[in-house]
Each structure stands twice: as structure tokens, then as C-alpha cells.
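This is the structure I want to talk about, given as C-alpha cells.
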């Protein structure tokens, strides 16, 4: 039977959508297949110029696109390392003049005036882009429609960097990634009246000097915060974060805290912050106290204990999610549970943690316990979720402690590791005493 070209028989509009999903170099190569494909390029609205092109291909592509000077360009992804500065600027201007909605740029010198446009909705600047030009006057609106901004290793002076964020009146999603480059590029501040979702990754493990200045947040509309960084000297939260619903924190300490677990005196439990541990997260923790969902890394738990002057009350907290690590302690967990009176769900990934002298009675690790009511007994937690359960004696002991102390439990969900003896572990867990008669154990 003769082969049938089903793809070529598709309508032009559908072929244009298909071609827009392919690498631009491949799209251009289809124009030589047949007359049927020669004019389909004007239907392509997505240009990906990340691959290293030859000068001949680049010139051919520009000439081809220029012939269709009325076709829209919705998305342009451009690697400036592969193009001369003048050619890269020409591509950017062409895309913006044709109503570009998404612009993703990498590694080049860029004059900020080149980006002046009313239609841009999503902008990504990464791979050590050097921003040049004059900083607009305060209050100038440069990106009136921009909703998503991603900044990775953007080199600019402080005024330019801060204006790039604050000059977007409808900005909703802001992503900042700065790690391992020298010097750091993030200016340790975010000022935005409109941003709702903020993600910051700021990691320079070899440079404590990068964290000596306060980190400033003025984000009154913020609803979601994902912050991953080594602890800074301090934090300033302007106008608080009254709209915050969910926070994910990965706060890393500069030193091991093992030495602070020795010589523990029960009467000094409330005075727990050593004077020589670098960083102070007190204002940051207080700033997120109205969250409904809080997710903490193992390092964050230790930062809450060693770098926070006091534990605020989390009246709105309903969902607390923790990730455990065998080298990190649970020192802050009893303080956090005591100050989360309306906590509904506690989720823990892994139960094995470093045994410390300051975990209180939230775990059965310490040999001698102070008499009286366990902090777990006062908790109103209704749902307990444990994932990565391996069934070791330490984990079984911890589960016995949880089930025997949490009086309001209704549902316990346990995810058992694949390599474990599933049936045996389930049988052992079902035999444990439960303080709540309503407690139902489920395996996920």
C-alpha cells in the first residue's frame, strides 16, 4: 500500500499549533519538505532559540520571519550567548512589537529600555544577565500586564533590582533563584504590593557575609511563601504578612548543634537560644504566624529552636508538615505544638531523628521524663500522616507514643516503605494502644 501522509492533511491551524511545540530549528527545517509546508511558518507563534545556531541558520530564520511581519509571536526563548548583542536585541524588539506574552532570556547584556512593552505577561531573566540602563522614576509603570517574573542571577544595582519587582503593579508570581555565584545577585529584599506567590532560593554556603544584612519583605498581598536559604542575621517584615495562607521554609544553620544538646537542665528549657549561633529568624517566624498550612524542613525545625527568641502563637494553623532527618533534632516541635491550638493535621515524612536532650515529651527518646501531662495529650490533632515508615524499633516506639498520647485522633495514615515487610508492620501497628477510641488506622 502507498504510504499516506496523514499529518500533511491536517488543517493549517492544527499544524501551526503542532509546529509551535517544536524547537525552532526543527520547525524551519520543515519548510524544505514540500510546498505544503513552506508557508506554515507564519502560523508558528512560539520561537525557541536556545540551541546554538550557525550564522547561516540565524540569518535565514530572521529573513523568513521578516517576510511574515504581521504574524504574532506569543513566546520567545532566547539564549543571548549564541547571538551577537545587536541580533539578540532585534529578536526581542520584534517579539515585543508583535504582542509577545512570554519572554525567556539567558546570558546577555540587556538594556532595560528594550523591554518596555504593554503586553508582556511572563518574563524570565536568568544565567547572569547584566541589566543596564537608567532606573525609571519612582512610581513608573514599566510592565503594566506582567503577572509572572522569574529572576535567576540577574546582575543589576540595588535600585534597578528593586524597581524591576516593584514596577509591576499586577505581579502575582515572583521567583528568585540565587545560588553559588559570586558575588550574590539577590539584594535581600522584596517590595511588592500585588505579589501573591513568592519563591526564594538563596544559597551561598561559602559566604556568610552574604547573610549579614537583614532580609526585608514588604508583601501585604502575599498568600504563599516558599523560602529556602541559610539563616540571615535578621529579617524585617513590613506590615506583616496578613494574607499569608501557606508557607514552606527551608532555613539552614551554619553550624552543627550537637554540642548544645549536652549539659541540659530541665529548668532552663525556656532559655534555649545560644548566643553564639549565627542568625535570628524571630521576625520571620512571627511574620508567618497567621498561616493555615506550614511546611518545615529538618533544618528549619532546628532554626526555629536555636535562632528564634520566642515561639509565636499560630492561631490559624491547621496543617503542619515536617520532614525528619536522622542528623537533625526535634527540639522545636513541643514548642510549636503547644502554640498551635487549632492544629488539625500533622504530617511527618520519616520518624527517625537525632535524639536530643531538648525534645521534651513529644517523643520517647529521653530516658527520664518529667511527670505530668504530655504536650501531645493537650493537642487536638485529628489526622496524623506518617510517610516513609520503615518499621524499625525506634519508629515503632515513636508510633506507640503518638497513638497513646494523642486523644483526639480520628485518622492515622501510614505510608510504608516498599522494601519493608508490609504485612508484619501493619499487624504490629494495629496492636498498639490508642488513646482515642475513634482512631482509625489506614495504610497508603
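Bear in mind these aren't lab numbers, they're just calculated from the coordinates by the rules spelled out. None of the values given here were measured: they were computed from a predicted structure. Note that we place each Cβ from the backbone using ideal geometry, even for glycine, and neighbour counts take in every protein chain shown.
Could you pull out which residues in segment 99-118 have an amide N less than 16 Å from a spot 7 Å beyond the Cα of residue 145, following the Cα-Cβ vector?
99-104, 115-118
Defining a contact as two alpha carbons under 8 Å apart and six or more residues distant in sequence, what relative contact order in percent does segment 279-348 show?
Numbers: 114 pairs, mean separation 25.7, N = 70.
Over segment 279-348, the number comes to 37 percent.
Please work out the C-alpha center-to-center distance from segment 330-354 to segment 191-209 and express it in whole Å.
About 26 Å separates the Cα centre of segment 330-354 from the one of segment 191-209.
Which distance in nm do the two modelled labels at residue 138 and residue 417 give, with both placed 7 Å along the Cα-to-Cβ direction?
Modelled inter-label distance: 5.7 nm.
Another question, if that's okay. With an 8 Å cut-off on Cα pairs and a minimum separation of 6 or more residues, tell me the relative contact order of segment 198-355 in percent. Kindly include the intermediate steps, with their values, before the conclusion.
Values: 336 pairs, mean separation 29.6, N = 158.
Relative contact order, segment 198-355: 19 percent.
Calculated FRET efficiency, residue 309 and residue 207, Cβ-Cβ r, R0 30 Å, to nearest 0.05? Could you put the intermediate results ahead of the total?
Details: r = 25 Å, r/R0 = 0.85.
E between residue 309 and residue 207, to the nearest 0.05, is 0.75.
Shifting gears a bit: Taking the Cβ of each residue in 224, 305 as the centre, tally the other Cβ atoms inside 10 Å and list the residues starting with the fewest.
Numbers: 224 18, 305 27.
Fewest-to-most Cβ neighbours within 10 Å comes out as 224, 305.
Test of understanding: ordering 340, 85 by Cβ neighbours within 10 Å, fewest first, what list do you get? Don't skip to the end; give the middle numbers.
Working: 340 23, 85 12.
Ascending Cβ contact count within 10 Å gives the list 85, 340.
Ok, one more. Please report, largest first and rounded to whole Å, the three semi-axes of the ellipsoid equivalent to segment 332-444, where each semi-axis is the square root of five times an eigenvalue of the C-alpha gyration tensor. Write down the numbers at each step before the final one.
Details: eigenvalues 95, 56, 33 Å².
Square roots of five times the eigenvalues give 22, 17, 13 Å.
Can you give the relative contact order of segment 295-444 as a percent, counting alpha carbon pairs under 8 Å and 6+ residues apart?
On the way: 289 pairs, mean separation 28.4, N = 150.
About 19 percent, as a whole number.
Ok, one more. Between residue 278 and residue 435, what length in nm is gained on full extension when 0.36 nm per residue of separation is reduced by their alpha carbon distance?
Details: separation 157, 0.36 × 157 = 56.52 nm, distance 4.11 nm.
Length difference between fully extended and current span is 52.4 nm.
Report the full-extension gain for the segment residue 325 to residue 157: residue separation times 0.36 nm, less the Cα-Cα distance, to one decimal in nm. It would help to have the intermediate numbers written out before the result.
Details: separation 168, 0.36 × 168 = 60.48 nm, distance 3.91 nm.
Contour length minus Cα-Cα distance gives 56.6 nm.
On to the next question. Subtract the Cα-Cα distance of residue 26 and residue 121 from 0.36 nm times their separation in residues, and report this length gain in nm to one decimal.
Working: separation 95, 0.36 × 95 = 34.20 nm, distance 2.65 nm.
Length gained between residue 26 and residue 121: 31.5 nm.
Going by C-beta contacts inside 10 Å, put 232, 300, 436 in order with the fewest on the left. Write down the numbers at each step before the final one.
Working: 232 22, 300 27, 436 17.
By the 10 Å Cβ count, ascending, the order reads 436, 232, 300.
I would also like to ask the following. Between residue 93 and residue 14, what FRET efficiency comes out of the Förster formula 1/(1 + (r/R0)^6) with R0 = 35 Å and r the beta carbon distance, rounded to 0.05? Don't skip to the end; give the middle numbers.
Values: r = 30 Å, r/R0 = 0.86.
E between residue 14 and residue 93, to the nearest 0.05, is 0.70.
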